[in-house]
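Notes follow once the structure below has been shown.
The values are calculated or read from the model by the stated rules, or taken from the named source; none is laboratory data. Remember, it's a predicted structure, so these values are computed and weren't measured experimentally. Every residue, glycine among them, receives a Cβ derived from its backbone with ideal geometry; neighbour counts consider all protein chains shown.
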Amino acid sequence: MKSLIAAISLLLIASSTGNAQFKKGDVEFSFSGSAGSWARDHSENYTSGSSNSNSGTRMYGFFALCPGYYLVNGLSAEPEVNLIAISHDTPIEYLLLGVSYTYLRPNSKIAPFIRLGYGVSNSLQMPGMTVYPDRFCDKLGVSVVNVGAGAKFLLTRSILFRTELNYKTHGWSMWDNSGSESHNSNYHYSFIGLLFGFSIII
């Protein structure tokens, strides 16, 4: 815990002395997170009079880290790692690679941006949604296309608040050879939502 506090303190000190304007060579660390719970209650009643039911609650924690390196003024390459830790379950992971363009007008404290990325996951659910994520495979076999547009609000010259309208589409397919006839199943899930977070530019 002390090492985490020390690392954050160093980033804040570095950001306070910087002169970030989304220029070539700048590095931007964006991060967001959330925590909560998901509850399930399911029951089945049959005409024969029999029934069954089950219920449960899962806690989750979501964390996203997206470091960006500005290749030229305004244009950055952005790898992104998302992790959803779920109680009594294997974590959900996202690995994405994208590009982003940020435009800052002179003397403005609001910088609009757009971004586009592609990656892989083991889930068919966007992190941060209230619906419990559907972990589909043990390997990173789900393809993900990530598109976003939003604005960065300069709280200081190097500390930013971010808001983004984000769209993700997932694709996954599998063969089932367990029955008398093999078949292929294809899944395509799309989600749209608002994301919020902070960035530090050094």
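Scan region 96-118 for residues that are over 15 Å from Gly148 (Cβ atoms) and surrounded by 14 or more Cβ atoms within 10 Å (Cβ to Cβ) and jot them down. Spell out how you get there, then give the answer.
Just the residues of region 96-118 that are over 15 Å from Gly148 (Cβ atoms), to begin with: 104-110.
Listed by number, the list holds a single entry, Leu104.
Let's see how each residue does on (1) at pLDDT 80 or above; (2) closer than 24 Å to Gly171 by Cβ; (3) in contact with an Asp or Glu (Cβ under 8 Å, 6 or more places away or on another chain):
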site: Ala64; (1), (2), (3): yes, yes, yes
site: Leu75; (1), (2), (3): yes, no, no
site: Ile86; (1), (2), (3): no, yes, no
site: Tyr103; (1), (2), (3): yes, no, no
site: Pro106; (1), (2), (3): yes, no, no
site: Ile110; (1), (2), (3): yes, no, no
site: Lys139; (1), (2), (3): no, yes, no
site: Asn146; (1), (2), (3): yes, yes, yes
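Name the single residue, out of those in region 12-56 being closer than 24 Å to Leu154 by Cβ and in a strand (DSSP E or B), that is modelled with the lowest pLDDT.
First, the residues of region 12-56 that are closer than 24 Å to Leu154 by Cβ: 12-34.
Still in the running and in a strand (DSSP E or B): 27-34.
On the way: Val27: 94, Glu28: 95, Phe29: 94, Ser30: 93, Phe31: 89, Ser32: 84, Gly33: 79, Ser34: 76.
So, considering only residues that are closer than 24 Å to Leu154 by Cβ and in a strand (DSSP E or B), the one modelled with the lowest pLDDT is Ser34.
Mind checking which pairs have a first residue in region 88-117 that is under 11 Å from Gln21 (Cα atoms) and a second that is among the hydroxyl-bearing types (Ser, Thr, Tyr) and at pLDDT 90 or above, Cβ under 7 Å, 6 or more apart or different chains?
Ala111/Thr102; Ala111/Tyr103
On the given criteria, is Ile114 over 14 Å from the mean Cα position of the chain (by Cα), at pLDDT 80 or above and more than 18 Å from Phe191 (Cα to Cα)?
Values: over 14 Å from the mean Cα position of the chain (by Cα): yes; at pLDDT 80 or above: yes; more than 18 Å from Phe191 (Cα to Cα): no.
The answer is no for Ile114.
Could you please let me know if Arg162 is among the basic types (Lys, Arg), within 19 Å of Val81 (Cβ to Cβ), surrounded by 13 or more Cβ atoms within 10 Å (Cβ to Cβ) and modelled with pLDDT of 85 or more? Lay out the reasoning, then the answer.
On the way: among the basic types (Lys, Arg): yes; within 19 Å of Val81 (Cβ to Cβ): yes; surrounded by 13 or more Cβ atoms within 10 Å (Cβ to Cβ): yes; modelled with pLDDT of 85 or more: yes.
Taking the combined requirement at face value, the residue satisfies it.
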